[in-house]
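Notes follow the structure.
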Amino acid sequence: MEHRLELPDGFCLNYTNVTRDKIGPLGLAVDELAGRPEIGAAMDALAVMRRSGDVRGHDEKVYFTRLAYQEGDAPDRLRAIAEWGADVRSRCRAVVSLGIGGSYLGNQVLADALLSPLWNSLAGTDTAPRLFFSGNNVDPQSIRDLDRILDLERTMFVVISKSGTTTETMAAFLHFYNRCRAAGLDPGRHFTAVTDPERGILLQIARQERLPLFQVPPGVGGRFSVLTDVGLLVAAAAGISIPELLGGARAMVEAADNRDLLRNPPCLYAAICHELYRRAGIHEAVLMPYSDRLRSFALWYVQLLAESLGKEKNRRGETVHEGRTPIAAVGTSDMHAQTQQHQGGKKNKLVTTIAVEDFGDDEITLPREGPWTRELAFVAGRSFGRLLRAARVANEEALAADGRPSCAIAIPRLSPYTLGQLFLFFELATAFEGELLDVNAFDQPGVENYKKLMKELLR
């Protein structure tokens, strides 16, 4: 018997392979989770967060779910972003996003998923700037490689830092600013700042240099910021449909309002993850999209889960060292790399696959007749999508046969709408799991510690 939750638009969470009747002793009686008091309490907390922004144990408001409603809440800002994007597309051949962590990973996902990981080789018209990402590592060779590629006169740099003190990002900004200045270029035509709307050195620089200025809004942490100006500027520069992106996000936020756990995709997924973690020691979270375009999405998820739930103390101040360890993988590439560990190593992993069901015009079907079709009969006549599906199902079934849990997410196709759904699915699931763990999912004290020590070393 299959256990699946499918939304009307085709988004599907299949959790058959975590059930006791499928995988045996490690499996769950998922139906029993719905009536537990802690599930109801976590749903109440999520409802309060959505309504007021209040989260117990967190000093600031949390507003990431409201981003899905920007078309109604902030139409003027979306209009300004669209106008900025049209201007950039009309005069720039390259856009360089300078940011790290949540100010980088979400933007990389937008580019890879909705354009292509090979976009910079494919882009060939004046309406399609190439996209580059820097300011996420202080590696001089990477910076120098960009120096060799960019035509500064036709490049826009988007500098993203809420505080304006992010070492990696501001070092890259200063380097490229000095190069543009030496070339006699007007910074206001080649730099755009995304920062705190009220304070910080980057805000001062933007005002002094008269740079186009956008905001990292209050109440949205970096790892939840892809649907703020942080990510929407890159979407606008690339010509990605922002209304569709927000529409998918909105659909998932509204699905998460359902008080029936078995009809609520992100909360159900989080409850499954939490129960496997608590009851069966499943503390490694492998996210394995079967799409090269979603490779960077798995990396975005690594930051989201690790920074949100990897906490030394709970909200009562007790030392707990909580959190599952996220691992990025891509099918089928990593079936020839990580799967040996998934299938033969410790039974401490939940593998979550993501399938794209329809590749549209990009689908390729191999001929039935021609050279070597007899020798290669196992692939002749098949589509690449069918091969990908067979590999994924084989992986899931092999895990289940050995009593190892997996979940399967499917989207009808890869589009701005379904990507918006995926972003909010995992963000909401992470917030819900934080409630079940009783940790603050919205701070990052460990990251702040390293930043402080790094600045002391640089002094």
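Things worth noting here:
- Looking across the range 294-324 at every residue that is surrounded by fewer than 22 Cβ atoms within 10 Å (Cβ to Cβ) and of a type in the set (D, E, K, R), the one that is nearest to L422 (Cα to Cα) is identified as R295.
- Checked against the criterion of being surrounded by 12 or more Cβ atoms within 10 Å (Cβ to Cβ), out of contact with any Gly (no Cβ under 7 Å at 6 or more places or on another chain) and modelled with pLDDT of 95 or more, the candidates G381, G385 yield just one match: G385.
- Restricted to the range 1-21, and to residues there that are charged (D, E, K, R) and part of a loop (DSSP other than H, G, I, E, B), the residue that is nearest to P412 (Cα to Cα) is D9.
- Looking only at residues in the range 154-169 that are surrounded by 20 or more Cβ atoms within 10 Å (Cβ to Cβ) and of a type in the set (V, I, T), the one that is farthest from V96 (Cα to Cα) is T166.
- Residue match in the range 213-224 (condition: aliphatic (A, V, I, L, M) and within 20 Å of the chain's Cα centre (by Cα)): yes
- Condition met for P187 (modelled with pLDDT of 95 or more and either within 14 Å of F173 (Cβ to Cβ) or within 27 Å of the chain's Cα centre (by Cα) (or both)): yes
- The test for being more than 17 Å from L428 (Cβ to Cβ), crowded, with 19+ Cβ neighbours inside 10 Å and of a type in the set (K, R) holds for R89.
- Some residue of the range 214-234 being farther than 30 Å from A306 by Cα, among the aromatic types (F, W, Y) and in contact with an Asp or Glu (Cβ under 8 Å, 6 or more places away or on another chain): no
- Taken over the range 63-80, the criterion of being buried (at least 21 other Cβ atoms within 10 Å of the Cβ) and out of contact with any Ser or Thr (no Cβ under 7 Å at 6 or more places or on another chain) is satisfied by F64, T65, A68, Q70.
- Residue within the range 195-207 that is buried (at least 16 other Cβ atoms within 10 Å of the Cβ), in contact with a strand residue (DSSP E or B) (Cβ under 7 Å, 6 or more places away or on another chain) and closer than 23 Å to D151 by Cβ present: no
- Test: residue in the range 370-383 that is outside any loop (DSSP other than H, G, I, E, B), in the same structural domain as L33 (by TED's automatic domain parsing) and within 27 Å of the chain's Cα centre (by Cα): no
- F132 fulfils the conditions (1) out of contact with any helix residue (DSSP H, G or I) (no Cβ under 7 Å at 6 or more places or on another chain); (2) in contact (Cβ under 8 Å) with a residue 12 or more places away in the chain; (3) surrounded by fewer than 20 Cβ atoms within 10 Å (Cβ to Cβ) except for a single criterion, (1).
- Lone qualifier among A329, A410, A390 - being aliphatic (A, V, I, L, M), under 27 Å from E6 (Cβ atoms), surrounded by fewer than 14 Cβ atoms within 10 Å (Cβ to Cβ) and modelled with pLDDT of 95 or more: A390
- Residue match in the range 307-319 (condition: free of Cβ contacts under 8 Å to residues at least 24 places away in the same chain, of a type outside the set (G, A, S) and under 15 Å from L13 (Cβ atoms)): no
- So R278, is it without any contact (Cβ under 8 Å) to a residue 60 or more places away in the chain, surrounded by fewer than 22 Cβ atoms within 10 Å (Cβ to Cβ) and not assigned by TED's automatic domain parsing to the domain that holds E83: yes
- Strands (runs of 3 or more DSSP E) fully within the range 97-210 counting 1 or more residues that are under 20 Å from E83 (Cβ atoms) and among the aromatic types (F, W, Y): 155-160, 191-195
- Which listed residue, of L422, L436, is assigned to a helix (DSSP H, G or I), within 21 Å of the chain's Cα centre (by Cα), closer than 20 Å to F64 by Cβ and of a type in the set (A, V, I, L, M, F, W, C): L422
- Matching entry among R210, R199 (being basic (K, R) and modelled with pLDDT of 95 or more): R210
- Taking the numbered list (1) among the small types (G, A, S); (2) in contact with a Pro (Cβ under 8 Å, 6 or more places away or on another chain); (3) under 24 Å from I411 (Cβ atoms) in turn, G102 passes all entries but (2).
- Scoring P217 on the criteria (1) out of contact with any strand residue (DSSP E or B) (no Cβ under 6 Å at 6 or more places or on another chain); (2) in a helix (DSSP H, G or I); (3) in contact (Cβ under 8 Å) with a residue 40 or more places away in the chain leaves a single failure, condition (2).
- Screening the candidates I354, I364 for the property of being surrounded by fewer than 13 Cβ atoms within 10 Å (Cβ to Cβ) and within 35 Å of the chain's Cα centre (by Cα) yields one hit, I364.
- Selection within the range 52-69 - of a type outside the set (A, V, I, L, M, F, W, C) and not in a loop (DSSP other than H, G, I, E, B): S52, T65, R66, Y69
- Neighbours by Cβ (under 6 Å, 6+ apart or cross-chain): first from the range 50-63, within 19 Å of N314 (Cβ to Cβ); second of a type outside the set (A, V, I, L, M): G57/R315; G57/N440; H58/N440; H58/F442; V62/G53; V62/G219; V62/F442
The values are calculated or read from the model by the stated rules, or taken from the named source; none is laboratory data. Just so it is clear, the model here is predicted, and its values are computed rather than measured. Cβ atoms come from the backbone with ideal geometry, glycine included; neighbour counts cover every protein chain shown.
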